[in-house]
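The values are calculated or read from the model by the stated rules, or taken from the named source; none is laboratory data. Fair warning: this is a prediction, and the values are worked out from it, not measured in the lab. All Cβ positions, even for glycine, are placed from backbone atoms using ideal geometry, and neighbour counts span all protein chains on display.
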Amino acid sequence: MSTVNLSAITKQFGDVTAVEELDILIKEGEFFTFLGPSGCGKTTTLRMIAGFYYPTKGKVTFNDKDMTTVPPEKRNTGMVFQNYALFPHMTVFENVAFGLKVRKITKSQTKKRVEDILKKVRLDQYMDRQVSQLSGGQQQRVALARALVIEPDILLLDEPLSNLDARLRDEMRNEILRLQRDYGITTIYVTHDQAEALTMSDRIAVFNMGKCQQVGTPTEIYNQPVNDFVAEFIGETNLIPIAFKKEKNNEKIYHCEQLDADIQVQATEVNIAEYNRNDQLLMSIRPESVQIDKASLTGENVFKGEVILVQFTGASVHTYIKLSSDAIIRATDLNEGPSTYLTNGSKVNVKLPADQIRVIPKA
Ligand code: ADP
Ligand code: MG
């Protein structure tokens, strides 16, 4: 087990800056996720931790030991690649044993360790099969076993589930978490899938264009995004430009040109992100926090509108409402049964509760 500290690491490929001045501290035993869209530098960062790339600038340390330019085989990290990178014509046993052979572990020790780990990933029945004869999910387990069999201090997983269908993905999520908890191993997980990140991680770093936007627990990232990129990338949100107007007791008043109205926001740290005087500001309100009712709604930030689209998803219902200012607000409600639906054209009132709005700067 190990801590991983990235200090101001930058990676340049010619003119392309893949990763820029990245600072992240990953704790011992943590399940830590790099989340971000394609091309934002997740794989490059993981490869700098594994030692396949060395940073152009900055420092990588494990447990305070400088690893910046230590070759991969001397780092004791186990890596699962996006495409698994298995040897298709070798058996499951041979694939998993490969790393131990390289490390000159004895035959009998190798046999025991490979058998143990294959039991752990529930593949002991398939030991002598060729990898090319296995399903995608089984190949994924072989890749996991191969990474874990060397007893790494750090487990690195690069989009390990992206080639699997939805049902299998769910199953493997739980499998990976079970193994991670059993071994208590520091794990760094790369994904572009926000649901995967939210459900699996102790903490998440949100990446965009080679930079880390925010580090936090899943609830911090979701409830207290630091800017519009994070708010939009993680979950759904309504984002509308606003400008600060004045402060009143425990509330801040913003003017919203698009809604042609003043907006009250409860002035707490949870609701108002840090911003500078010249930043362009936005209010972010999650669809599940928007209240809608055919009857009148009382209190602050209430608007009249008309339903323009209702999407039934099973567990929840998404409703799009056009306000009289032409702005469109999206609301999400739990499905509460057959008699409760609004329909297109329904006249409704919409409330944006002052304690549910978060004010954030534009990234
Ligand atoms: P992600 O894993 O988040 O999709 P990557 O780390 O693979 O992103 O890539 C980040 C950026 O660096 C991209 O613009 C990509 O094209 C570029 N890049 C990655 N690897 C190389 C490389 N070996 N040579 C040149 N450019 C690269
Ligand atoms: Mg990648």
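Can you name the strands (runs of 3 or more DSSP E) wholly within region 181-225 that have at least 1 residues being without any contact (Cβ under 8 Å) to a residue 40 or more places away in the chain, more than 13 Å from ligand 1 (Cβ to nearest atom) and out of contact with any helix residue (DSSP H, G or I) (no Cβ under 7 Å at 6 or more places or on another chain)?
Filter on region 181-225 gives 211-216.
Restricting attention to region 240-271, which residues are without any contact (Cβ under 8 Å) to a residue 60 or more places away in the chain and part of a strand (DSSP E or B)?
Passing the criteria: 241, 243, 244, 245, 246, 247, 248, 253, 255, 256, 262.
Considering region 41-76 alone, what residues qualify as being assigned to a helix (DSSP H, G or I) and either within 16 Å of ligand 1 (Cβ to nearest atom) or within 12 Å of residue 156 (Cα to Cα) (or both)?
Of everything in region 41-76, those that are assigned to a helix (DSSP H, G or I) and either within 16 Å of ligand 1 (Cβ to nearest atom) or within 12 Å of residue 156 (Cα to Cα) (or both) turn out to be 42, 43, 44, 45, 46, 47, 48, 49, 50, 72.
State which residue is farthest from ligand 2 (Cβ to nearest atom) when the search covers only region 168-223 and only residues that are among the aromatic types (Phe, Trp, Tyr) and at pLDDT 95 or above.
For region 168-223, the residue satisfying everything is 222.
For region 85-101, state whether one or more residues are among the aliphatic types (A, V, I, L, M) and within 23 Å of the chain's Cα centre (by Cα).
no
Using beta carbons and a limit of 6 Å, which pairs, at least six apart or on different chains, have the first residue in region 21-48 and within 16 Å of residue 67 (Cα to Cα) and the second one in a loop (DSSP other than H, G, I, E, B) and within 13 Å of ligand 2 (Cβ to nearest atom)?
Within 6 Å, the pairs are 47/53.
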